[in-house]
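To start, the structure itself, in structure tokens.
The values are calculated or read from the model by the stated rules, or taken from the named source; none is laboratory data. Quantities reported herein were computed from a predicted structural model and do not represent experimental measurements. So basically every Cβ, Gly included, is an ideal-geometry build from the backbone, and we count neighbours across all protein chains shown. Areas reflect the complete protein model, heavy atoms only, side chains present, ligands, DNA and RNA absent. Shrake-Rupley method; radii C 1.70, N 1.55, O 1.52, S 1.80 Å.
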Amino acid sequence: MSKMHVKMTVNGKAVEGLAEPRMLLVHFLREELNLTGPHIGCDTSHCGACTVDLDGQSVKACTMFVSQANGADITTIEGIAAPDGTLHALQEAFREHHGLQCGFCTPGMITRAYRLLQENPNPTEDEIRMGISGNLCRCTGYQNIVKAISAAADELAGAREAAE
Ligand code: FES
Ligand code: FES
């Protein structure tokens with residue numbers, strides 16, 4: 001199959017490459033761009049380990065062809081921290097509240113939570129559970145993940161208030 005030229009913005013940088021149009025976005029990110037944060041847990045859109053942020057929405061990168069992401073603005077877990085390496089409030093909160101064990105689900109979980117807190121900056125516990133219901137974790141029982149997202153929401157709200 002002939003390759004197509006694809007261009008997109010990933011973590012704030014313009015990138016381009018040649019790819020078979022049917023190549024999955026998650027394979028392009030991992031294999032062509034060496035962004036191995038988005039994990040492949042199922043390859044069938046069930047687990048959410050491959051979640052990325054695409055044009056302001058959470059997307060499972062294994063459900064999309066790279067050709068469909070042509071021109072998109074994408075953020076992966078590698079782009080969540082500040083450029084100087086300062087961790088995002090969600091990353092700090094996952095560490096602080098033990099929101100991970102093996103860490104396999106964590107990049108997708110944090111990337112999903114990143115969008116969730118923009119959709120709903122002050123979510124209830126139920127709203128957090130619903131918001132991350134497309135992301136599976138085999139280890140934690142979710143309790144500390146929910147705590148971490150709630151703590152990050154409080155932290156971000158405090159930072160917004162301080163900036164006003
Ligand atoms: S690898 Fe994409 S949802 Fe599981
Ligand atoms: S921490 Fe192991 S799958 Fe979530």
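Details
- Share, in percent, of DSSP beta bridges within the stretch 1-77 that are antiparallel, nearest 5: 90
- Whole-Hz ³J(HN,Hα) from phi, Karplus 6.51 cos²θ - 1.76 cosθ + 1.60, for the stretch 15-30, glycine and proline x: 10, 8, x, 9, 8, 4, x, 8, 4, 6, 4, 5, 5, 5, 4, 6
- The H on the amide N of V10, modeled in the peptide plane, is under 5 Å from the matching H of V15, I74, each at least 5 residues off or on a different chain.
- Once both labels are positioned 7 Å from their Cα atoms along Cα-to-Cβ, the gap between N70 and R22 label points is 1.7 nm.
- Distances between placed amide hydrogens fall under 5 Å for H98 paired with no residue 5 or more residues away or on another chain.
- Carbon and sulfur %, accessible surface of the chain computed with the full protein complex present, 1.4 Å: 49
- Exposure of V15 as accessible area (Å², to 10), given a probe of 1.4 Å and all protein chains: 30
- Extension gain, A157 to D84, is 24.1 nm, computed as 0.36 nm per intervening residue step minus the present C-alpha separation.
- Calculated log₁₀ intensity ratio I(q)/I(0) where the Debye formula runs over C-alpha points of the chain, q = 0.16 Å⁻¹: -0.88
- The stretch 3-44 and the stretch 130-157: distance between their alpha carbon centers, rounded to Å: 27
- Accessible area per residue, Å², the chain with all protein chains present, probe 1.4 Å: 53
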